[in-house]
1. Report, by residue number, each residue of segment 12-25 that is in contact (Cβ under 8 Å) with a residue 24 or more places away in the chain and closer than 15 Å to Val53 by Cβ.
2. Hey, does segment 8-21 have a residue that's of a type outside the set (S, T, N, Q), assigned to a helix (DSSP H, G or I) and at pLDDT 90 or above?
3. Restricting to segment 66-112, name every residue that is at pLDDT 55 or above and of a type in the set (Asp, Glu).
4. Any idea which of Glu56, Glu63 is in a helix (DSSP H, G or I), at pLDDT below 90 and on the phi < 0 side of the Ramachandran plot?
5. Quick check on my filter: what residues within segment 33-53 are in a helix (DSSP H, G or I), surrounded by 19 or more Cβ atoms within 10 Å (Cβ to Cβ) and in contact with a Lys or Arg (Cβ under 9 Å, 6 or more places away or on another chain)?
6. Of all residues in segment 54-79, which are open to solvent by 70 Å² or more (accessible area, probe 1.4 Å) and free of Cβ contacts under 8 Å to residues at least 12 places away in the same chain?
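The values are calculated or read from the model by the stated rules, or taken from the named source; none is laboratory data. Everything numeric in this text was worked out from a predicted model, so none of it was measured. All Cβ positions, even for glycine, are placed from backbone atoms using ideal geometry, and neighbour counts span all protein chains on display. Only protein heavy atoms, including side chains, enter the accessible area calculation; ligands, DNA and RNA are left aside. Shrake-Rupley method; radii C 1.70, N 1.55, O 1.52, S 1.80 Å.
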Amino acid sequence: MADFWASRTGRWRIRLREESQGEIHERLFRVLSDEISDGRLPPGAIVPPTARVAEELRVDAAEVRKAFGKLLQEGLLEQRENGRICVADSGGSAIVGDNTQVLFENNLIQAA
């Protein structure tokens, strides 16, 4: 599981470096919004905890909370009853669990 998140947040870190305009939370919002819109973060995908994202991206957790907050406000993320944050599913049918995500990400890495 750690390798799964490390590969994803590593991709986010690269994109944050490429995004030079705006504050960290604005840049992270754009990076995650792009990943959601192009399907790299599919509906139902569980987002890693704020503290873990902040640690792996080497940014302040408040910046991650702001980005997640805006993504929640925009309806791109949603919070489940158990408190976990996941990519919103406008159709209401997608439920992607951690194990499915790990397999999906590993297959993508191998295909690349």
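1. Result: Trp12, Arg13, Leu16, Ile24, His25.
2. For segment 8-21, residues of a type outside the set (S, T, N, Q), assigned to a helix (DSSP H, G or I) and at pLDDT 90 or above: absent.
3. If the condition is that a residue be at pLDDT 55 or above and of a type in the set (Asp, Glu), then Glu74, Glu78, Glu81, Asp89, Glu105 are the ones that fit.
4. Glu56
5. Glu35
6. Those that are open to solvent by 70 Å² or more (accessible area, probe 1.4 Å) and free of Cβ contacts under 8 Å to residues at least 12 places away in the same chain: Glu55, Gln73, Glu78, Gln79.
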